Amino acid sequence: MGKRSERKMHMTNEAEAAIQALQGASENAEEALWRAVVACQGMPFRTATGLPFTYCLKIGQNGQPNRELLIDRREKSKTLSWSSVCLAFRRAREIGYADRPKALGDIRGVSYVYPLMWRFGVLRVPEIVEKNMSLTLDFGFFRDLKEAETMNQLMRTTPEEMGLHSRNILKLLERLEKENISIVSMMLLRHNQVLYEAYWPPYTQEQLRTVYSLSKTFTAMAIGIAAGEGKIRLDERIVDLFPEQAKNAPNSPQLQMLTIRHLLMMSTGQGSEPFHQENAWDDAISAFLREPFADAPGETFRYNTGATYMLSAALKQRGIDLEEYLREKLLTPMGITGTRWIRDPNGICTGGFGFSLHPEDIAKLGILLMQHGRWNGQQLVPEWYVREATTRQISNGDDPNSDWAQGYGYQCWMCRYPGSFRADGAYGQFGVVFPDLDLIVILTTATEQTQEELSALQEELIPYVKKEAGELPPSPLAGAVKERTADLALPPRRGTRNPFMEEKVSKHVYVSAPLMGNQQLPDSAEILIGGSGLFSLETSPIQEMRFAFGCDKMYWKVQEGGKEKEFVLSMRRDFAYSEADGHIYAGSAAWRTLNTLEMEIRRMDGLSGGRMIVRFQKENLLLEAEDTLISVGGLGISPRQALTVFGIKKD
């Protein structure tokens, strides 16, 4: 455990001189930056939220430091590329002030370069952030839970300290692997402390996750806060909130009865969601109001994302923007930053989907719900409302073996384990709360085997969590858990290098060609890569592409919409990162046969990506692409052309 230090951060004369030189540098600024980075290695830093870390430089085979930083934080480590540091440096000098790390851009490892830029004196930050980054605790864990709470952070501990055997963690991991469930991240919390967490590369802790319908639970919390403030009523009629749009909707007794509470319960009585209507998103409010009814509101559960959109729109009618309201009333008090929402063409947050956040943010939501709306002693959401939201308000089935038939609250699903409930998003985005066990489980995955995912949790872990369990002695399996966690990763492409073909294809530029008389232009790179949860993709078709190889990497360069994008793919059985149009991508490539190259690219704010097969022929190449998500349901995944032909560009 860390201990409190009475001294300020010690800075050597060399470090002070390097930082002063950097602040005054106009030419060769990046070399001055490098000297400052070298001089400050080993010194204690803190992130914007107060998490302690330090860094050192990786040493190459020649015994000299590489231009890569090895970040050490809580017995974990990660590599920070020099290009990320330089990108943040250029952005910091350009804007001068950044209220949060993401203001520097979507940079891998931005949580760590942000305090470096502040410490180096090239970036100004808000007072509260400066206070967090100036804390003088030595590098290590928080001293106790209270200290972590004051910084809105979650304390880390071990399974045994929370009364859970490490062997049960191993069994859960083995079961999920056996079920072939593609996991992105996992967090287990007990007594508000993280007892286990894992992230499957190429995904990392710092990257935003799109969480699909888990967004709905956050929208419901905004409604609860507004209700507590008297800004909206749960029994308020929808026609009273939208009088102008209601005038143009088919009049019916069901529409006259419909209330905010019915929207929360998914019991609108409508026969289907409104978004099947052509151009529904041009005026989603009107589309919702004209959707025919099959039942009276409140009688039947029928899942309806349009209902959650209407909750967001209802707040907007009262002058409340969902994103801004949540940030002010909920997210900022909980130390949640850097999130983002998708909006419709009229500027209204989608509400039922389109929220992107970090796994730890979902964990904080779980704590808030388990504590009936309280956070660090402050009642952020009315207690009565959270109790209603997390208990069964309407029946949604009678299958005892289904976690989708145990009842529904206010944008929350009930689970099979008595008293448990969850925030739930497509493809396995779960925040599951077990109040009587004081346990929270966070899973972000890319799978349609969602029942198998929840069954694995409730069969391999939950039965072994004892309600009154005290601290257990250290387990000999703790080391095995660490080793297993360190080895977790999504599988990259596997194959061999092919020097002959690599040299051959590198000489050519490939241009789009009509396919058997079909004049349809090829897909854009973003559509080929795709990814679940990404609802707005660049559609400019690829005009030409090139391939280059070197240093165990492949460089796929595409020309589209008048600009070139370059994607970097590793060829050493892992992933390489690159940036294009402000988005971070991870790529892996390998030769399957002499003439067939396989590429996998994932946009990091999605949950899946594209797997492309490129077959090189004498005068052209054939390109096929599919999503990495098995049995795609179509949510946010753009359909790809079955086959695209590119010919060799003639001089």
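The values are calculated or read from the model by the stated rules, or taken from the named source; none is laboratory data. Since we're looking at a predicted model, the values are computed, not measured. Neighbour counts run over all protein chains shown; Cβ positions are idealised from the backbone, glycine included. Protein only, heavy atoms only, side chains kept; ligands, DNA and RNA dropped before computing areas. Shrake-Rupley method; radii C 1.70, N 1.55, O 1.52, S 1.80 Å.
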Check: Looking at residue 392, is it of a type in the set (Lys, Arg), crowded, with 22+ Cβ neighbours inside 10 Å and touching a Gly at 6+ places or on another chain (Cβ under 8 Å)?
Finding: no
Check: Residue check, residue 528 against (1) buried (at least 24 other Cβ atoms within 10 Å of the Cβ); (2) at positive phi; (3) not β-branched (Val, Ile, Thr), all met but one. Which one?
Finding: (2)
Check: Is region 371-379 home to any residue that is touching an Asp or Glu at 6+ places or on another chain (Cβ under 9 Å), modelled with pLDDT under 95 and not in a strand (DSSP E or B)?
Finding: yes
Margin query: If residue 185 meets every condition in (1) of a type outside the set (A, V, I, L, M); (2) open to solvent by 10 Å² or more (accessible area, probe 1.4 Å); (3) touching a residue at least 60 places away in the same chain (Cβ under 8 Å); (4) touching a Ser or Thr at 6+ places or on another chain (Cβ under 6 Å) apart from one, which number is that one?
Written below: (2)
Notebook entry, point to check: With respect to the numbered conditions (1) within 30 Å of residue 114 (Cα to Cα); (2) over 20 Å from the mean Cα position of the chain (by Cα); (3) among the charged types (D, E, K, R); (4) at pLDDT 90 or above, which one is the sole condition not fulfilled by residue 197?
Noted result: (2)
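Of these, 524, 475, which one is in contact with a His (Cβ under 7 Å, 6 or more places away or on another chain) and not acidic (Asp, Glu)?
Matching residue, one of 524, 475: 475.
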Notebook entry, point to check: What strands (runs of 3 or more DSSP E), lying completely within region 408-522, carry at least 2 residues that are of a type in the set (Val, Ile, Thr) and open to solvent by 20 Å² or more (accessible area, probe 1.4 Å)?
Noted result: none
Check: Quick check, is residue 533 in a loop (DSSP other than H, G, I, E, B), in contact with a Leu (Cβ under 6 Å, 6 or more places away or on another chain) and either open to solvent by 40 Å² or more (accessible area, probe 1.4 Å) or at positive phi (or both)?
Finding: yes
Next item on the list: Answer with yes or no whether residue 388 is over 23 Å from residue 268 (Cβ atoms), without any contact (Cβ under 8 Å) to a residue 60 or more places away in the chain, among the acidic types (Asp, Glu) and not in a loop (DSSP other than H, G, I, E, B).
Entry: no
Next item on the list: Filter the helices (runs of 4 or more DSSP H) completely within region 188-252 down to those with at least 1 residues that are under 17 Å from residue 428 (Cα atoms).
Entry: 215-228
Margin query: Need the failing condition index for residue 589 against (1) closer than 22 Å to residue 498 by Cβ; (2) surrounded by fewer than 22 Cβ atoms within 10 Å (Cβ to Cβ), just the number.
Written below: (2)
Checklist line | Boolean, residue 37 is in contact with a Pro (Cβ under 7 Å, 6 or more places away or on another chain) and either open to solvent by 40 Å² or more (accessible area, probe 1.4 Å) or at pLDDT 85 or above (or both) | finding: no
Check: Pairs under 7 Å by beta carbon, first residue under 13 Å from residue 331 (Cβ atoms) in region 341-366, partner among the small types (Gly, Ala, Ser) and in a loop (DSSP other than H, G, I, E, B), six or more apart or different chains?
Finding: 341/354
Check: Given (1) assigned to a loop (DSSP other than H, G, I, E, B); (2) surrounded by fewer than 24 Cβ atoms within 10 Å (Cβ to Cβ), where does residue 333 come up short, assuming only one miss?
Finding: (1)
Notebook entry, point to check: Can we say residue 92 is assigned to a helix (DSSP H, G or I), open to solvent by less than 50 Å² (accessible area, probe 1.4 Å), within 30 Å of residue 333 (Cβ to Cβ) and modelled with pLDDT of 80 or more?
Noted result: yes
